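This report concerns only the one structure given below.
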Amino acid sequence: MNINILEQSLQIEFTVKEQFLAVRFHKLWNIPLSHIKQTTTTAPLTTWKELRSPGTCIPGLVKAGTYYTPRGKEFWLANYQKGNYLTIELEDENYKRIIMTVDDNEFWQQRLNPE
């Protein structure tokens, strides 16, 4: 996955493997920076009350795709073994949260948190 900020938008570009795991048919995802409420790097909470549709889950390894949770609709692309979580809370978007694992999660948290 490649993350950039272009013209006041967060751009997430997925690899073919990530698109396959998340059952995501679009390679690019653009989110206006004004729609980002908060970002965190702590491990996200997950429960058995989550419905995956569509996506992939291999317990202890990977969680990818769309999940309907008590918190709202979420997009996950997380590798449990890496742990470098970046959770992006959204407003005025189809998803309430995006949860990803990225190598430089603390850098992106600082860059994306609204001032």
* Most positive-pole-ward Cα, Gly65, Met100, Gly83, against dipole of the chain from beta carbon charges -> Gly65
* Asked: In Å², what does the accessible area per residue of the chain work out to with a 1.4 Å probe?
  -> 59
* Structure fact -> Taking every DSSP bridge whose two residues both lie in region 27-115, the antiparallel percent to the nearest 5 is 85
* Find, to one decimal place in angstroms, the Kirkwood hydrodynamic radius of region 44-104, where the mean of 1/r is taken over every pair of different Cα atoms and then inverted. => 11.7
* Over the chain, consider all pairs of different Cα atoms and compute the Kirkwood hydrodynamic radius from their mean reciprocal separation; express it in Å, one decimal. => 14.2
* Among 41-54, 79-92, what's the highest-first ranking by average C-beta atoms within 10 angstrom per residue? -> 79-92, 41-54
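The values are calculated or read from the model by the stated rules, or taken from the named source; none is laboratory data. Worth saying up front: this structure is predicted, and the values here are computed from it rather than measured. With ideal geometry, Cβ positions are generated from the backbone for all residues, glycine too; neighbour counts draw on all protein chains shown. Quick note on the areas: whole protein, heavy atoms, side chains included, nothing else; ligands and nucleic acids left out. Shrake-Rupley method; radii C 1.70, N 1.55, O 1.52, S 1.80 Å.
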